[in-house]
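Novice: Here it is: the structure, laid out below.
The values are calculated or read from the model by the stated rules, or taken from the named source; none is laboratory data. Since this is a predicted model, take the numbers as computed values, not measurements. Keep in mind that these areas ignore ligands, DNA and RNA; they rest on the heavy atoms of the full protein, side chains included. Shrake-Rupley method; radii C 1.70, N 1.55, O 1.52, S 1.80 Å.
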Amino acid sequence: MDKNKVVYLLSRFNSFEYAVRKTQDAHGGPLLPRNKIDNRLLPANVWDNRRYTRIVEFIRGAINELLSDNERMVIMRKYLDRNKMSLKEIANDLNRDRGTISKWHTGALEQLCTALEPLDDEYVHISNLDHMFDQDWRYSESA
């Protein structure tokens, strides 16, 4: 996997994690949405739940098991923390040279490129299928 895809996954990690929580019920199973028309339970969207869960598990596992403490800290502060920081801000916060922080960042991305390779486009690409729940939606060919 190339660095751009890894950065894409890391920068959207919190969204993936949120999606995992929102596609589960209180017991950790797939969420069963209600049909807007007659309030019946719709089939669980197991595919989305599994896909989001796999993305989150791969990223979290790779960060926790492969990266050094310094690399993990840079990745967490730059991509995963609620208040994201630039490499320059991280360097100032840690009283380190920006070059050192950049080296840790580059090393972490290189390791994550290899570790996240199994997350192919089929898992990463998220399609919006809301139209399937709209009873007025009709398929039409583009011009």
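Novice: Which one of these does Met132 not meet: (1) within 23 Å of the chain's Cα centre (by Cα); (2) at pLDDT below 65?
Specialist: Met132 satisfies every listed condition except (1).
Novice: Quick test for you: out of Tyr79, Tyr123, pick the one residue that is within 15 Å of Phe16 (Cα to Cα) and at pLDDT 95 or above. Steps first, please.
Specialist: Details: Tyr123 fails: at pLDDT 95 or above.
Just a single option satisfies the conditions, and that option is Tyr79.
Novice: For segment 68-117, enumerate the residues that are of a type outside the set (A, V, I, L, M, F, W, C), within 19 Å of Glu57 (Cα to Cα) and open to solvent by less than 40 Å² (accessible area, probe 1.4 Å).
Specialist: Glu71, Tyr79
Novice: Continuing with this model, one more query. May I ask you to list the residues in segment 47-67 that are of a type in the set (A, V, I, L, M, F, W, C) and open to solvent by 50 Å² or more (accessible area, probe 1.4 Å)? Full working, then the answer.
Specialist: Step one: list which residues in segment 47-67 are of a type in the set (A, V, I, L, M, F, W, C), which gives 47, 55-56, 58-59, 62-63, 66-67.
Across segment 47-67, the qualifying residues are Trp47, Phe58, Leu66.
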